[in-house]
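What follows is one structure encoded as structure tokens, with my remarks underneath.
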Amino acid sequence: MQKPEKIILGIDPGTVIMGYGVIRIKNNQVELLELGALKPGTQKDIYKRLQMIYETVCGLIIKYKPDEFAIEAPFFGKNVQSMLKLGRAQGVAIAAAMGTGIPVTEYSPKKVKQSITGNGNANKEQVWKMLQTTFLLDKKPRYYDATDALAVSLCHHYQQHKIAGTGLPARKSKTKKGSWAAFVAKHPHKVI
């Protein structure tokens, strides 16, 4: 039996800017608890940056007591040094969650975008627009890293509650006749 309430902490790792988003799911309704960004890049010393990341993630865990932790996987680029730094940031954030026994799930950037917008190649503005609609947000955060982290936490929720056999997220919303969501709900066997 599923808990009536669940809190998910989502992280977009980075040693320059790390985004975080905390959501609560209660009675299948999604609520934003906190959205923000940490700027460890203000520190010259890489180890102090990692310490800032660890302490921030630990602080969010203490404050919200999340049931689950979701993090975006590093995007594989050409710059090896950037990848190493990003991997360290991700590892420190994961260690903070694992140290408290919270289950950790990792999602590729493409999977996150697909879950939120329906398009794995969506840009950051498109992801923001979908989040803005979902959470009825007025003001765009200063950094897209924050919205990316919120997208990671929402992606995790959607992945836990898929429409059986379709691979699409189960969303509690009224669907317009003729919409894609209405088609999928009516014909799940036709969607691969």
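Every number in this text was worked out from the coordinates using simple rules, so none of it is lab data. None of the values given here were measured: they were computed from a predicted structure. Cβ sites come from the backbone with ideal geometry, for glycine too, and all protein chains shown count toward neighbours.
Among the chymotrypsin sites (Phe, Trp or Tyr not before Pro) in region 1-98, those placed in a DSSP loop whose Cβ has at most 16 other Cβ atoms within 10 Å are Phe75, Phe76. Across region 136-141, coupling constants 3J(HN,Hα) worked out from phi with the 6.51/-1.76/1.60 Karplus curve, θ = phi - 60°, read 6, 8, 8, 9, 6, x Hz, and Gly and Pro carry x. Could you please state, rounded to a whole Å, how far the C-alpha centre of region 40-78 is from the C-alpha centre of region 105-129? Centre-to-centre (Cα) distance: 20 Å.
The order of Asp12, Asp138, Asp145, going from fewest to most other C-beta atoms within 10 Å of their C-beta, is Asp138, Asp145, Asp12.
For region 25-74, the alpha-carbon coordinates run over 45, 24, 16 Å along the three principal axes, in decreasing order.
Picking from Gly14, Gln132, Val57, whose Cα lies most toward the positive end of the charge dipole for region 5-161 (charges on Cβ: Lys, Arg +1; Asp, Glu -1)? Value: Gly14. On full extension, the segment bounded by Asp138 and Ser108 gains 8.1 nm, given 0.36 nm per residue less the C-alpha separation. For region 1-85, the relative contact order comes to 32 percent (Cα pairs under 8 Å, sequence separation of at least 6).
Expressed to the nearest 5 percent, the antiparallel share of DSSP beta bridges inside region 18-139 is 70 percent.
For Met83 and Lys6 in one chain, what is 0.36 nm times their gap in residues minus the Cα-Cα distance, to one decimal in nm?
Computed gain between Met83 and Lys6 is 24.5 nm.
Taking Cβ atoms as reference points and 13 Å as the exclusive limit, the residues near Gly101 contribute a net charge of -1, counting Lys and Arg as +1 and Asp and Glu as -1.
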